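A.B. asks: This structure is in structure tokens; I'll ask about it shortly.
The values are calculated or read from the model by the stated rules, or taken from the named source; none is laboratory data. It should be emphasised that the depicted structure is a prediction, and the values quoted were computed from it without experimental measurement. Neighbour counts are summed over all protein chains in view; Cβ atoms, including those assigned to glycine, are modelled from backbone coordinates with ideal geometry. Ligands, DNA and RNA are excluded from the accessible area calculation, which covers all protein heavy atoms including side chains. Shrake-Rupley method; radii C 1.70, N 1.55, O 1.52, S 1.80 Å.
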Amino acid sequence: GLDGLVEPPDWSDGVRLAMDGRAAKLRGALDEAADLLEAAIILLPDDAIVMKDLAAVYLSTMRPELAEPLLREAHRLLPDDTITINDLAVTLGRLYRFGEAELVMSKIRDEHDLSPQMLFNRGTLRASIGDFEGSRRDIDAAKAATTDLCLALQSECALLPYRSNTTAAMLRDAMAALGNVLPHDESPLM
């Protein structure tokens, strides 16, 4: 019989840990979320969703070096998932690997798959590698595609320093406009 064989771990334990980790992440308990998702990934080592959730926690806690290998593996498992591609590119950008990040972003084949936030991310990456024309196109497209005034103003503030005709007054006015739409309580932006 099967006597003496080690029981495989119950996959449902991994699912439970992953769900609890996601819930902790949503309520802002990031250390708890990291612990739960790290445990979940041991039981569900091929689950791209758990990888992405854990990577998001690492990015939220300023640990892009831990997020990168998870997102690379998630991208290998889900090669056409635009959100995974975007998250990997953002992670590489936070590691100051802008050229590599822009190259990853170029794997999104259909421009219609790019959300305004993704266009903003790509525009920022393009500005970081000196492609100011491509950056301006992306930021303008992001602004045209969103009703989120905060995102549009963030995009404008991010790009203005790279435009040759920008004055200090233009930058101050853009920052003031952004400040006026940001939450004034202690709630975080992301």
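A.B. asks: Tally the residues that are under 13 Å from the mean Cα position of the chain (by Cα), crowded, with 16+ Cβ neighbours inside 10 Å and not charged (D, E, K, R), restricting the search to region 56-73.
C.D. replies: Adding up the residues that qualify gives 9.
A.B. asks: Filter region 91-115 down to the residues that are open to solvent by 30 Å² or more (accessible area, probe 1.4 Å), part of a helix (DSSP H, G or I) and out of contact with any Pro (no Cβ under 7 Å at 6 or more places or on another chain) and list them by number. Break it down stepwise before answering.
C.D. replies: First, pick out the residues of region 91-115 that are open to solvent by 30 Å² or more (accessible area, probe 1.4 Å): 94-100, 102-103, 106-107, 109-113, 115.
Cutting the leftovers down to part of a helix (DSSP H, G or I) gives us 94, 98-100, 102-103, 111-113.
Within region 91-115, Phe98, Gly99, Glu100, Glu102, Leu103, Glu111, His112, Asp113 meet the criteria.
A.B. asks: Filter the helices (runs of 4 or more DSSP H) completely within region 117-190 down to those with at least 1 residues that are acidic (Asp, Glu), open to solvent by 20 Å² or more (accessible area, probe 1.4 Å) and under 20 Å from Ala101 (Cα atoms).
C.D. replies: Passing ranges, in order: 132-145.
A.B. asks: May I ask you to verify whether Thr82 is of a type in the set (S, T, N, Q), open to solvent by 30 Å² or more (accessible area, probe 1.4 Å) and more than 10 Å from the chain's Cα centre (by Cα)?
C.D. replies: In short, no.
A.B. asks: Another question, then. For region 21-55, name all the residues that are within 13 Å of the chain's Cα centre (by Cα) and open to solvent by 30 Å² or more (accessible area, probe 1.4 Å).
C.D. replies: Hit for region 21-55 is Lys52, nothing else.
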